[in-house]
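Data first, discussion second: the structure below is written as structure tokens.
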Amino acid sequence: MKLTPALEFEKLREDAESWNKIFLHKDGKFFRAYEWSAWLIKTLVCSEAFQKERGDVKILAANRYVTKKGEYVSVGFPLESLSKYMPNYEDVDFETIEDYATFTVEMSDEEDVTYEVLQAAFMEWKQSLPEKDTRGGQKATRSTARVDSEGSRVGMFQILSQVMSYPLESKTPSDNAEFIASLKRQLAALL
């Protein structure tokens, strides 16, 4: 499947039945997952923590590509590595896969999960990825440092400064929990 139709296909996620579907598109001798499918792979199926625990030397990379028409996220791996990156799947006949294969993953059974909540989590993950610029035929990695609400850059030293200057003793436990959650979001955005 070509890139544009694959990206359009990924946008059809508002129905709860499609939230846990991964679409792997066959591209020569590789499988590629885009957008929501890439997010499911990197957060539920083959996360960095899972790969580190398993002892993988090379972590499956997800990149955000910027093109003239917009941006998208992609992960890819060789066809023969399907069992490595998708450890829980039934047998797949590669000869019958023409454009894509569909896999279903286990998601949280929480009743209050809505499309908007999942979409927000996906967008937060997407914005935290390193950006590759493909406009003009060049691929140049851009800085992944973020800008906070005051307009200053958020980096490791800025986060460390927040930790060192935080008045722990004069705050309530709920304030402390909120502060830690804020730090976790900032750190996740840097990864």
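For the pair A16 and Q119, the difference between a 0.36 nm per residue extended length and the Cα-Cα distance amounts to 35.9 nm. Taking all protein chains together and rolling a 1.4 Å probe, E10 ends up with roughly 10 Å² accessible. Placing dummy labels 7 Å off each Cα toward the beta-carbon, the span from K84 to K68 is 3.6 nm.
Compared with the alpha-carbon gap, the fully stretched path from F30 to A177 is longer by 48.6 nm at 0.36 nm per residue.
Over its Cα atoms, what ratio of radius of gyration to 2.2 N^0.38 Å does segment 1-60 give? Write out the running numbers ahead of the final one.
Numbers: Rg = 13.0 Å, N = 60, 2.2 N^0.38 = 10.4 Å.
My calculation over the Cα atoms of segment 1-60 gives 1.25.
On the basis of the beta-carbon distance and an R0 of 25 Å, T104 and A49 show a calculated FRET efficiency of 0.70.
The values are calculated or read from the model by the stated rules, or taken from the named source; none is laboratory data. No experiment lies behind these values; they were computed from the predicted model shown. Backbone-built Cβ (ideal geometry, glycine too); neighbour counts: all protein chains shown. The accessibility values were calculated without ligands, DNA or RNA, using every heavy atom of the protein model including side chains. Shrake-Rupley method; radii C 1.70, N 1.55, O 1.52, S 1.80 Å.
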